[in-house]
1. From the helices alone, meaning DSSP H stretches of at least four residues, give me the mean residue ellipticity at 222 nm for chain B, per-run term -39500 (n - 2.57), in deg cm²/dmol to the nearest 500.
2. Sorted by packing (mean other beta-carbon atoms within 10 Å per residue), highest first, where do A:53-59, A:152-158 land?
3. For the protein assembly as shown, what is the charge dipole size about the Cα centre, in debye to the nearest 20, if Lys and Arg each add +1 at the Cβ and Asp and Glu each add -1 at the Cβ?
4. Quick one: angle between helix A:2-17 and the longest Cα principal axis of chain A, in degrees between 0 and 90, rounded to 10, please.
5. Would you list A:114, A:77 from the most to the least accessible area, probe 1.4 Å?
6. Per-residue mean of other chain beta-carbon atoms within 10 angstrom of the beta-carbon, peptide B:127-134?
7. Within the accessible area of the protein assembly as shown, what % is carbon and sulfur when the probe is 1.4 Å and the other protein chains stay in place?
8. Once you put a point 7 Å from the Cα of residue B:93 and another 7 Å from the Cα of residue B:136, both along the Cβ direction, what distance in nm separates them?
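The values are calculated or read from the model by the stated rules, or taken from the named source; none is laboratory data. In this text, all values refer to a predicted model and were calculated from it rather than measured experimentally. Every residue, glycine as well, gets a Cβ built from its backbone with ideal geometry; the counts of neighbours run over all protein chains shown. SASA here: full protein model, heavy atoms, side chains in, ligands and nucleic acids out. Shrake-Rupley method; radii C 1.70, N 1.55, O 1.52, S 1.80 Å.
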Number of protein chains: 2
Amino acid sequence: MKIEEAQTEQVIKEKAKELFFKKGLIKTTTQEIADAAGVNRALIHYYFRSREHMLSILLDEAMEEKRARVKSILSFDLPFREKIARYIDAIITYNMTYPYLENFIISETVRNKDRTEAYCARNQSRSSDLIRDQLAEEIQQGRLAPITPEHFLVNLIALCNYPMLAKPILRTIHGMTEEAYHEFLLERKQVIYMTIFKEEMPSVS
Amino acid sequence: MKIEEAQTEQVIKEKAKELFFKKGLIKTTTQEIADAAGVNRALIHYYFRSREHMLSILLDEAMEEKRARVKSILSFDLPFREKIARYIDAIITYNMTYPYLENFIISETVRNKDRTEAYCARNQSRSSDLIRDQLAEEIQQGRLAPITPEHFLVNLIALCNYPMLAKPILRTIHGMTEEAYHEFLLERKQVIYMTIFKEEMPSVS
DNA sequence: GCTTGCGTTAACAAAAATGTTAAACAAAAA
DNA sequence: TTTTTGTTTAACATTTTTGTTAACGCAAGC
């Protein structure tokens, strides 16, 4: 049917994202993706040339979307702490929707460092620049211990992402059920804010 | 030569660890491992039955060694903050020696959650128990904002591990050379302590 | 109606990786 | 010396996965 034609490429991508980002099936084969999308495997090659090239596209899009989200939040005209509160909230919520997105990004960037560099070269946008001034002000006013924007951001992103990245092992070590871990992740929004600012997080509107 | 016989199994393991933990070659084939060890590929099956079984052993040993290190540090009879300072120092140093160990552990535990649960069941040792009392005291004395041992430990481990886990992408985003990132990681020892305790880290003896 | 072009499929081809086996070998035991 | 045992190897077999191709179908334009 011609009506669905234009959609096929998207369907394949969607299903692939579902398998990789939501279900965490890193070793997913082209066959499994094709099955999930309900199409013939050859179509994956027709649209994406090779499995490798497809992964490359998925990685690019995933990173690009993340970059855009981060940039949009950190570019908002808001007080520093509110900005960070929103950032924490957004990242954790996002992570819970796509539990394996970070795993995918990390394993792909580890596996292909050249591609990572190429992407970053194409796409210059240091998130550290987006908070540099406000952070400096915060520090100057004595509201925060001195820290570079790079360290501050790495702290923030580490605190947000790691618990999702290492979920299987953290959950098991701490003996939590799926539900308990879910709660734990939600709690972390407060915990992270508190860890960074040593004050209660204001409720996010 | 009989002299080397007993060593073969170890040599294979060593080389495999080198490829997985140090070089981060996650997709390493049995052939590559055999080549690195300078032996026939069939020996890998002779000693480890299958590639999968070998990975299982490597994962077990890696987790076990980590667990032992953590336990040893956190069990020391020392003031809380000094304990944590040592922990940070040890973990970061260890991470820099085996840059891809965490990636390996995480990707394997994601890939095989049953095995992870089995390991943890065999090996009950909640690291949170090792700091529970001292942490509570610290909080009670008003030296630290209230936080559960689980969140405290996840914070700590996230701050220590994430920068190594996500190195390829963080390094590129922040436009650092290998050397600069090395420095950055060393700085983090101070930064992490400061982030958690809001005071300078005492020099570790 | 014919043909042209794109999407689609099944069937085939090739590659890459793992797993198995029988025989060679070398050292220790008999 | 012969036997025995555990180690090692080459060669083979199998499995898994990716990549290619030729043909089919269907809608649009001529």
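1. Details: 11 runs with 153 residues, N = 205.
Roughly -24000 deg cm²/dmol at 222 nm, from the helical runs in chain B.
2. Details: A:53-59: 17.4, A:152-158: 22.6.
Output ranking for A:53-59, A:152-158: A:152-158, A:53-59.
3. Working: 58 positive and 60 negative charges, 118 e Å.
Dipole size: approximately 560 debye.
4. So the helix axis and the longest Cα principal axis differ by about 50 degrees.
5. Values: A:114 120, A:77 150 Å².
Output order, biggest surface exposure first: A:77, A:114.
6. Details: counts 2, 3, 0, 0, 0, 0, 0, 0.
So the per-residue partner count for this stretch is 1.
7. Values: 10270 of 19890 Å².
That share works out to 52 percent.
8. So the two model labels end up 3.2 nm from each other.
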